[in-house]
Amino acid sequence: MMNVGQWLTRVRKESPLVHNMTNVVVTNFVANGLLAVGASPVMAYAKEEVADMVRLARALVLNIGTLNETDVEAMLIAGKAANEANIPVIFDPVGAGATAYRTETARRILREVNISILRGNASEIASIAGEQVRTKGVDAGDVQSDLVDVAKKAALMFRSVVVVTGKDDVVTDGERIVIVSNGDAMLTKVTGTGCLLSSVLGAFAGIGDDMMMSSVAALAYYGVAAEKAAKQAKVPGSFQLSFLNALHETSAEEVDQYARIQGE
Amino acid sequence: MMNVGQWLTRVRKESPLVHNMTNVVVTNFVANGLLAVGASPVMAYAKEEVADMVRLARALVLNIGTLNETDVEAMLIAGKAANEANIPVIFDPVGAGATAYRTETARRILREVNISILRGNASEIASIAGEQVRTKGVDAGDVQSDLVDVAKKAALMFRSVVVVTGKDDVVTDGERIVIVSNGDAMLTKVTGTGCLLSSVLGAFAGIGDDMMMSSVAALAYYGVAAEKAAKQAKVPGSFQLSFLNALHETSAEEVDQYARIQGE
Amino acid sequence: MMNVGQWLTRVRKESPLVHNMTNVVVTNFVANGLLAVGASPVMAYAKEEVADMVRLARALVLNIGTLNETDVEAMLIAGKAANEANIPVIFDPVGAGATAYRTETARRILREVNISILRGNASEIASIAGEQVRTKGVDAGDVQSDLVDVAKKAALMFRSVVVVTGKDDVVTDGERIVIVSNGDAMLTKVTGTGCLLSSVLGAFAGIGDDMMMSSVAALAYYGVAAEKAAKQAKVPGSFQLSFLNALHETSAEEVDQYARIQGE
């Protein structure tokens, strides 16, 4: 339906620097994943330098998976600097809904920083948007309300592209809706695959102005790579390795061929 | 001698949420290891949220491998909240004996929090219990005093099940003694295998009330998986991957078949 | 030209404890890498214990990849304790030149601690030495001035052995120059290979007094292992695993056979 592979080609050609402020569980995996994609990762957390660092980058990724007050203050500084410099900010509200502190911090970041792309699972997005939902730890719980409606509501509320990932991924800017149906359940057996996806959304956002389409392209690519890896590896240790390989090996042509995208 | 495989079956069925406050070296490996076991990992460190998070969990794992004052304060908050909610707390005093700060912090945690399972190597447990021993960094040194006696003494002193791991693992509640002899020396070639074991002890403790037997079952399972992995991989990079795979693939039947357990 | 393999033999025999204060992205990889080499890693960051810990170690490695004020203060304490105890200090100024904070912090550490070995890429070393150069994030930019001159200048300025890594590695104490030409471009596809190299330089420095020769030996070994791994793995996920295996498997004889070393 749309030529999504070209986004991957451009990411690999331009190798955008992505500034990640992410959690301590996934830093290594995110850095290696971005390298495998063909982007350039940098991690920097100190309030003394994040504004300087983000100005060198093409995208900023904020992830509250192991948040603390010091890091949140630095995220706000980096986010505002990114906003001033017109650098897209991707926000991954890991575990929002699990504790009041996470939910409130997520809302604070959304209030003080203009977020270009908000990515989470259904329960995280619902809890931020004020829907009644309960999460178990940082994994997805059940969302009662209709997923697309929640995504649209959040997009309008936060004036952001919203990406709700799950078996099918929903992408919306509040008006348009696109569903991406690539991926594999093995992704849930390796920690940080959601966090890495948020950083990959950053890499793709860094090379273009259409956050909606860059997100769709990133999701299709990521899912196609996961499908490729799952053909080679059925157990979690091997899958993690195969997935990093697949992120490197998946071609633009394969993305175009295997992408399952519905919508506008 | 005892039906230990059934514990693994229950862990996989119930997928207990394990709240880990562990060190920055091993977070990724611990999260992936718990996923491979079939449990649900969560990491959270902020004093603002740890009490809320631990109440969602079935076990709390405290690990001082890269301790600092901020994290220790949060560990005490989480530990006390776990005690109030009757959630088992597993404590891994990484490197106790190596520096005064670690030894004192380990004792402080044991004083202020009721620990269900204390797991360490011989030198860590001995140093906490006041035996004369010298550790080299965070690895095991030589322990002069008899290992079982030290374990029993620590168990009575801290009113905890004590697990001393090494070539043979000692499990005691101060009266009963069980020796588990599974495992492989390759475990010493990969960082965090002790830390992950502590978190696996947490997963098993989370589904039952008998900390002694859940620990024996976890040790047997972990050791059998290591033996399985060591058959496939003789070098450290490959072993780490094979071990994650083996944690996923090892069946309850294999645990029952290959467990080497002596004692009551 | 020189018998470099013997250094590896000694590292494996003595298994020096290396105290690493490194960044959150690479801690796991560095620990596993040092184990694969045959050394003993320890990570400790708290100001309360770093002086005690470093006195147990044979080398201290400081790495500012994800620096913050708390860690920098602790690095200074550890560095001074190492100096007093005559323990070599290796410094990796990750990202110096990318932000003012990094450059200034790197200079501060070099001012307050006697560094035995300073290792960085060309742009990092040039920016610390006051050369005009621009880095993109933490990766190497273009260096206008002649690389060997910059390395020599830095060595004299900081009274340190300086190792500038790239396609060819330059080692100098300000007078002697040695060029090591082993390695493979796959090293740039895995995060933390520079950080791990700094820690391996620490392991080799820990067993001898000639920082110049221990560095040459470490570089040759590391590069030969990378070449070996690159023969088995052409994609980043697999390369990371193969490289850890190769660090374990590479023999002293292979280092002597394949080392490409020029200079005095």
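The values are calculated or read from the model by the stated rules, or taken from the named source; none is laboratory data. Because the structure is predicted, anything quoted here is derived from the model rather than measured. As a convention, Cβ positions derive from the backbone with ideal geometry for all residues, glycine included, and neighbour counts pool all protein chains shown. Side chains included, ligands, DNA and RNA excluded: accessible areas come from the protein's heavy atoms. Shrake-Rupley method; radii C 1.70, N 1.55, O 1.52, S 1.80 Å.
In table form, for the structure just shown:
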read-out	value
Number of the condition not met by C:K234 [criteria: (1) surrounded by fewer than 18 Cβ atoms within 10 Å (Cβ to Cβ); (2) among the charged types (D, E, K, R); (3) over 15 Å from C:T188 (Cα atoms)]	(3)
Verdict on A:S181 being at pLDDT 95 or above, within 14 Å of chain B (Cβ to nearest Cβ) and open to solvent by 10 Å² or more (accessible area, probe 1.4 Å)	no
Among residues of segment B:44-78, those that are within 22 Å of B:V11 (Cα to Cα), under 16 Å from the mean Cα position of the chain (by Cα) and open to solvent by less than 10 Å² (accessible area, probe 1.4 Å), counted	5
Residues of segment C:82-109 classified as in contact (Cβ under 8 Å) with a residue 12 or more places away in the chain and either within 14 Å of chain A (Cβ to nearest Cβ) or surrounded by fewer than 20 Cβ atoms within 10 Å (Cβ to Cβ) (or both), total	15
Among the candidates B:A246, B:A205, residue that is in contact (Cβ under 8 Å) with a residue 24 or more places away in the chain and among the small types (G, A, S)	B:A205
Residue check for A:E227: over 20 Å from A:R12 (Cα atoms), open to solvent by 20 Å² or more (accessible area, probe 1.4 Å) and either more than 14 Å from every other protein chain (Cβ to nearest Cβ) or within 20 Å of the chain's Cα centre (by Cα) (or both)	yes
Matching entry among C:S15, C:S40 (being touching a Leu at 6+ places or on another chain (Cβ under 7 Å), open to solvent by 10 Å² or more (accessible area, probe 1.4 Å) and facing chain B (nearest Cβ under 10 Å))	C:S40
